[in-house]
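Bear in mind these aren't lab numbers, they're just calculated from the coordinates by the rules spelled out. Since this is a predicted model, take the numbers as computed values, not measurements. As a convention, Cβ positions derive from the backbone with ideal geometry for all residues, glycine included, and neighbour counts pool all protein chains shown.
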């Protein structure tokens, strides 16, 4: 699988939504020992954990308010080698597709789907190694 400075290297990446991203990321670092890796505007922060773990803090809300507000409190991102093949396979096996594969300026091609339990899954294929400063990200961990 290709590597991309704009993407975490973990294959499975939990994404947790919070009302305020920066304070939530700071708290996770302080309380649980995560380290900030990449800031993406004010709406996303990639965190790493010693030993190879990773997490994305994203804008959205909390588990308590997610249903009422119409957004998910969590998502799971999975890095795959062939996004188009994965997309067609998932659709053929009943995944509810939220968005078809699309290329992004940060060097990833991604699509989103729901599983039968209503959990959101985001799948991503690295297309290129892109310096986060080229699209507005701020790489903190090298």
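For the chain, what is the mean residue ellipticity at 222 nm derived from helices alone (per DSSP H run of n ≥ 4: -39500 (n - 2.57); sum divided by total residues; nearest 500 deg cm²/dmol)? Write down the numbers at each step before the final one.
On the way: 3 runs with 26 residues, N = 142.
Helices in the chain give a 222 nm mean residue ellipticity of -5000 deg cm²/dmol.
Any idea what the relative contact order of segment 12-130 is, in percent, if you count C-alpha pairs under 8 Å spaced at least 6 apart? Spell out each step's value before the answer.
Details: 228 pairs, mean separation 26.3, N = 119.
Answer for segment 12-130 is 22 percent.
Direction-averaged shadow area of the convex hull around the Cα atoms of the chain, nm²? Each step should come with its number before you reach the end.
Working: hull surface 34.5 nm².
Its Cα hull, projected and averaged over all orientations, spans 8.6 nm².
Taking 60, 19, 51 in turn, the Gaussian network model of the chain (Cα-Cα springs below 10 Å) assigns the largest fluctuation to 51.
For a footprinting-style exposure proxy, rank 32, 49, 123 by other Cβ within 10 Å, fewest first.
On the way: 32 10, 49 15, 123 21.
Final ranking by Cβ density, sparse to dense: 32, 49, 123.
For segment 28-50 versus segment 118-136, the spacing of their alpha-carbon centroids is 16 Å. When each of 9, 126 is scored by the number of other beta-carbon atoms lying within 10 Å, the sequence from fewest to most is 9, 126. From least to most packed, judged by other beta carbons within 10 angstrom and beginning with the fewest, 93, 74 follow the order 93, 74.
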